[in-house]
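Values quoted throughout were computed directly from the atomic coordinates according to the rules given, and no laboratory measurement underlies them. These numbers were taken from a predicted model, which means no experiment stands behind them. Cβ: placed from backbone, ideal geometry, glycine included. Neighbour counts: every protein chain shown.
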Amino acid sequence: MTHLHYLNTTCSVCGESCRFTIPEGAVSVGSRDLDTRPAEPLRSTIYAWVKRCPSCGYAAPDPGRPLDRAADVVKLPRYRWQLDNRKFPAIANTFLCWSIVQEDLGSPAQAAWASLHAAWICDDEGEDVAARVCRKRAADLLHRAWDQGERLVPQDGADEALLADLLRRAGRFREARAVVAETLEKNPQPLIADIMRLQGRLIAASDRGAHTVAEARKFRRPVAP
Ligand SMILES: [Zn+2]
């Protein structure tokens, strides 16, 4: 069971006293999804990863930690529009607002992660259209991170594997297929190759569902004697 404790802090944007629930000690037991989403019990702690100040709406992993220009971003029309957007679950809006903060402060890689996390909330709430919007946004931000010479995951081929999953689950099969083909041509390390071959099969079957890294390993080709 996951134990809870509380974070008492002062919002760095508006000065409001805030109290947030924090689960502690949760780890991932079992295989992650292809988009890195951890297994339980860590999986279910997602609601506490980003917190929202109830007064000004500043959303961050720790709203008490001052972040340069965060106060300006919180006032942006697109931030206010996202904060209580009825097309998304409430917690997905919190993640998307944190994503906007990161994007505006010039960290597209972190913004992409926050948008992917928003997609996971939408998945849990059965909000398919919203989940697709979040994944499309994460894929666009990932490309922008690459343009700046940044990677979301340092390991070779891991970003490409993540991008293939974002595109497949957003229903953008043609683009996903191209990422799979390009990556396999570069002869990636075995786990990335396993994941890309699984992605190829899922795309061919128009499968937009969640699948795990363990499934990819299961289909590993036997090594020729
Ligand atoms: Zn505040």
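A crude spin-label estimate for the pair residue 90 and residue 55, with each label 7 Å from Cα along the Cβ direction, gives 2.0 nm.
Ellipticity at 222 nm from helices only: DSSP H runs of n ≥ 4 in the chain, each -39500 (n - 2.57), divided by the residue count, give -15500 deg cm²/dmol. Full extension of the chain between residue 104 and residue 80 gives 7.2 nm of extra length, using 0.36 nm per residue less the Cα-Cα distance. Applying 0.36 nm per residue to the separation of residue 7 and residue 62 and subtracting their alpha-carbon distance, the gain on full extension is 18.9 nm.
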